[in-house]
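Before any comments, here is the structure.
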Amino acid sequence: MAACRVAGGLPWIEDAGRVAPKDARVLSRLFMNRLHTLEEGTHEYQYARNTLIEMNLSLVHFAARRYRNRGNGDMDDVIQAGTIGLIKAVDRFDLSREVEFTSFAIPYIVGEIKRLFRDTTWAVHVPRRLQELRVDLAKGKEALTGALGRTPTPEELARYLGLTQDEVIEGVVAANGYAAGSIDTPDSDDDGEAGQRYADVLGGADPALELFEDLHALGPLLARLDERERTIIEMRFGKEMTQAEIGRELNVSQMQISRLLTHIMAKLRTGLLVL
């Protein structure tokens with residue numbers, strides 16, 4: 001670690017990814033404390049945030065190890081998904097929580113990795129019996145294609161695997177659930193010419209309706225806030241002011257605004273959950 005310090009009052013770490021996990025825990029407290037006092041978008045804020053992420057990448061590798069033999073998952077994809085979870089943990093960590101950042105971050109990291117496997121394995125839920133049948137069908141089809149010099153029929157596959165033709169057809173249909181087709185795939189006409197994409201004929205959600213539902217649910221909850229809380233919410237999300245700007249307007253510190261926002265948002269979330 002070099003002796004010089006950046007403008008944010010933090011030690012300069014040349015290669016944060018090489019910081020030992022034990023040192024990373026100590027430094028993370030320091031960087032997290034400073035991160036919540038720095039203005040978003042500044043060079044110092046980005047340095048603190050990026051260094052926090054790089055220092056804690058060992059948590060991602062630790063969590064990813066348990067998934068190294070799972071399915072066909074590429075470890076690079078697993079690490080990438082875990083890193084997304086780490087970034088979310090850094091952005092959402094609340095200093096008022098009496099927990100170590102490590103304990104807070106691991107569930108986010110594991111959650112993103114699990115989401116990866118959920119989204120990249122079977123596109124729909126298929127019984128294990130049919131998942132195993134898909135593997136048998138693929139092996140049988142490969143063997144018969146080599147022997148016959150053509151794609152086997154369902155009847156030939158059934159004889160080869162000792163199954164009924166109905167079982168083979170059921171397995172082929174179930175295999176279609178292994179991966180979802182892209183809505184950007186163009187259909188084709190009888191001449192083989194590509195036509196419009198499936199996405200072109202799909203309806204879309206009306207954003208105005210979604211906004212109405214959100215406002216309808218939030219309206220009564222916002223009315224229950226006191227005048228100061230409503231003012232802070234209006235400044236942050238209505239006028240899109242930074243925490244530092246709100247602090248200057250209300251003559252309080254950015255840290256106080258951060259804590260107030262955390263408290264207000266927790267109150268609104270709790271209200272939404274009981275609706």
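The values are calculated or read from the model by the stated rules, or taken from the named source; none is laboratory data. If you're wondering where the values come from, they're calculated on a predicted model, not measured in any experiment. Note: ideal-geometry Cβ built from the backbone for every residue, glycine included; neighbour counts use all protein chains shown. SASA here: full protein model, heavy atoms, side chains in, ligands and nucleic acids out. Shrake-Rupley method; radii C 1.70, N 1.55, O 1.52, S 1.80 Å.
Across the range 23-54, what is the total count of residues that are in contact with a Gly (Cβ under 8 Å, 6 or more places away or on another chain) and within 11 Å of residue 13 (Cβ to Cβ)?
Number satisfying all stated conditions: 3.
When both residues are 6+ apart or on different chains and their Cβ atoms are under 8 Å apart, which pairs have a first residue that lies in the range 84-96 and is of a type in the set (D, E, K, R), and a second that is modelled with pLDDT under 90 and open to solvent by less than 60 Å² (accessible area, probe 1.4 Å)?
Here the result reads 88/112, each pair linking the range 84-96 to a residue that is modelled with pLDDT under 90 and open to solvent by less than 60 Å² (accessible area, probe 1.4 Å).
Could you please give the count of residues in the range 257-275 that are open to solvent by 30 Å² or more (accessible area, probe 1.4 Å) and either farther than 16 Å from residue 35 by Cβ or not in a helix (DSSP H, G or I) (or both)?
11
I need the full set of residues from the range 230-253 which are in a helix (DSSP H, G or I), over 22 Å from residue 219 (Cα atoms) and out of contact with any Ser or Thr (no Cβ under 6 Å at 6 or more places or on another chain), in order please.
Listed by number, the residues that qualify are 244, 245, 246, 248, 249, 250.
Could you list all residues from the range 52-66 that are of a type in the set (S, T, N, Q) and open to solvent by 40 Å² or more (accessible area, probe 1.4 Å)?
Result: 58, single match.
Going by the structure shown, is residue 191 at pLDDT below 85, over 30 Å from the mean Cα position of the chain (by Cα) and surrounded by 11 or more Cβ atoms within 10 Å (Cβ to Cβ)?
The answer is no for residue 191.
Considering each residue of the range 16-33, count those that are without any contact (Cβ under 8 Å) to a residue 60 or more places away in the chain, open to solvent by 70 Å² or more (accessible area, probe 1.4 Å) and under 26 Å from the mean Cα position of the chain (by Cα), and give that number.
2
Looking at 83, 102, which is the one that is among the polar types (S, T, N, Q) and modelled with pLDDT under 90?
102
Residue-by-condition table, conditions (1) open to solvent by 60 Å² or more (accessible area, probe 1.4 Å); (2) not in a loop (DSSP other than H, G, I, E, B):
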residue	(1), (2)
37	no, no
41	yes, no
44	no, yes
50	yes, yes
78	no, yes
84	yes, yes
89	no, yes
97	yes, no
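Is it the case that residue 130 is modelled with pLDDT under 85 and either open to solvent by less than 100 Å² (accessible area, probe 1.4 Å) or among the aliphatic types (A, V, I, L, M) (or both)?
Yes, satisfied.
Restricting to the range 231-252, name every residue that is open to solvent by less than 100 Å² (accessible area, probe 1.4 Å) and free of Cβ contacts under 8 Å to residues at least 24 places away in the same chain.
231, 235, 238, 241, 245, 246, 247, 250, 252, listed by residue number.
Applying the selection to the range 212-229, what residues are in a helix (DSSP H, G or I) and open to solvent by 100 Å² or more (accessible area, probe 1.4 Å)?
Result: 212, 213, 215, 216, 227, 228.
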